[in-house]
1. Please give, to one decimal in nm, the separation of the simple spin-label points placed at residue 26 and residue 43, each 7 Å out from Cα toward the Cβ.
2. Please report the carbon-and-sulfur percent of the accessible area for the chain; probe 1.4 Å, protein heavy atoms only, DNA, RNA and ligands left out.
3. Would you mind computing, in nm to one decimal, how far apart the modelled labels at residue 19 and residue 88 are, each placed 7 Å from Cα along Cα→Cβ?
4. From the gyration tensor of the Cα coordinates in the chain, what semi-axes in whole Å does the equivalent ellipsoid have, largest first, with each one equal to sqrt(5λ)?
5. Roughly how many debye, to the nearest 20, is the charge dipole of the chain about its Cα centre, given +1 on each Lys and Arg Cβ, -1 on each Asp and Glu Cβ, and no other charges?
6. May I ask for the Rg/Rh ratio of segment 38-85, computed from Cα atoms with Rh as the Kirkwood radius, given to two decimals?
7. Keeping all protein chains in place, calculate the accessible area per residue for the chain (probe 1.4 angstrom), answer in Å².
8. Tabulate in residue order the Karplus-calculated ³J(HN,Hα) for segment 77-85, using 6.51 cos²θ - 1.76 cosθ + 1.60 with θ = phi - 60°, rounded to whole Hz; enter x for Gly and Pro.
Amino acid sequence: QVQLVESGGGLVQAGGSLRLSCAASRVIFRFNAMGWYRQAPGKQRELVATITSGGTTDYAEAVKGRFAISRDNAKNTGYLQMNSLKPEDTAVYYCQMTILGTTFWGQGTQVTVSS
């Protein structure tokens with residue numbers, strides 16, 4: 001069973017930065033794309049950013065220019081660098097991988113941005 005474990009969330013003031021990590025195990029990490037999603041209270045889970053196995057990235061419009069997704073295949077870890085954070089970025093952030101048609105999620109990490 002693939003395991004994804006997020007870390008790095010916390011409380012930060014508006015304009016601040018956080019870096020989230022997603023450690024993957026029981027998966028050949030380098031062969032698979034991964035994504036970061038978020039879910040704010042009372043809202044649906046939404047896609048934030050994706051990165052392919054080859055390193056191609058894509059971002060939701062709301063985070064373009066502020067967030068950066070990356071991966072370190074040697075460490076089986078993905079990252080989400082979040083800069084210029086806004087209160088509307090407050091949410092639980094999840095990493096996700098789809099492997100052979102099965103989608104796996106981490107447990108999530110809370111990010112709270114105060115104004």
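The values are calculated or read from the model by the stated rules, or taken from the named source; none is laboratory data. In this text the structure is predicted, and so the values were computed from the model without any measurement. Counting neighbours? That spans all protein chains shown, and the Cβs are built from the backbone with ideal geometry, glycine included. Just the protein is used for accessible areas: all its heavy atoms, side chains included, with ligands, DNA and RNA removed. Shrake-Rupley method; radii C 1.70, N 1.55, O 1.52, S 1.80 Å.
1. Label at residue 26, label at residue 43, 3.2 nm between them.
2. Numbers: 2960 of 6110 Å².
Carbon plus sulfur share of accessible area: 49 percent.
3. 2.7
4. 23, 14, 13
5. Values: 11 positive and 7 negative charges, 33 e Å.
Magnitude of the dipole: close to 160 debye.
6. 1.01
7. In whole numbers, the chain has 53 Å² accessible per residue.
8. Result, rounded to whole Hz: 9, x, 9, 9, 8, 10, 10, 6, 5.
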